[in-house]
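A.B. asks: I am attaching a structure below and will ask some questions about it afterwards.
Any read-out appearing in this document is the output of simple, stated calculations on the displayed coordinates, not a laboratory observation. Please read these numbers as outputs of a predicted model, since none were measured by experiment. Heads up, the Cβs are rebuilt from the backbone with ideal geometry, glycines too, and the neighbour counts pull from every protein chain shown.
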Amino acid sequence: MPIVGNDELRSLLKACEGKGFDEQRDAAILRLFLDTRCRRAEVAGLTVDEVDLTQSVVIVLGKARATGPCRSALGPPRRSTATCA
């Protein structure tokens, strides 16, 4: 699978600019991928109960059905660098 370069990432994020639900949802999904390195199936399988906006944590069910907290772009920038367990 090819690696997405910085220019492509900027283009993807620019395509998600806007205040509508779809744009904000898409931007959050992209940032979650970028900040946590979670897999597509892990993000697609998230439920509302697994997202804690007050703590900026997402609980992800990963490979081997192991869980781990993921700091995400949902919170302050200083907390957006941790990865999935």
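A.B. asks: Note down the net charge around residue 14, summing +1 for each Lys or Arg and -1 for each Asp or Glu among other residues with Cβ under 15 Å from its Cβ. Intermediate values should be presented prior to the final figure.
C.D. replies: Numbers: positive: 10, 19, 31; negative: 7, 8, 17, 22, 23, 26.
Local net charge: -3.
A.B. asks: Take residue 31 and residue 53, extend 7 Å from each Cα along the Cα→Cβ direction, and tell me the distance between the two endpoints in nm.
C.D. replies: Reported label-point gap for residue 31 and residue 53 is 1.2 nm.
A.B. asks: Obtain the nm distance between the two label points defined at residue 23 and residue 61 by a simple spin-label model: each point lies 7 Å from its Cα along the Cα-to-C-beta direction.
C.D. replies: Spacing of the two 7 Å Cα→Cβ label points: 3.4 nm.
A.B. asks: Ranking 16, 38 by Cβ neighbours within 10 Å, fewest first, what do you get? Please list the in-between numbers first.
C.D. replies: On the way: 16 17, 38 22.
The fewest-first ordering by Cβ neighbours comes to 16, 38.
A.B. asks: Moving on. Within the set of other residues whose C-beta is less than 13 Å from the C-beta of residue 30, count the net charge using Lys and Arg as +1 and Asp and Glu as -1.
C.D. replies: Computed value for this residue: 0.
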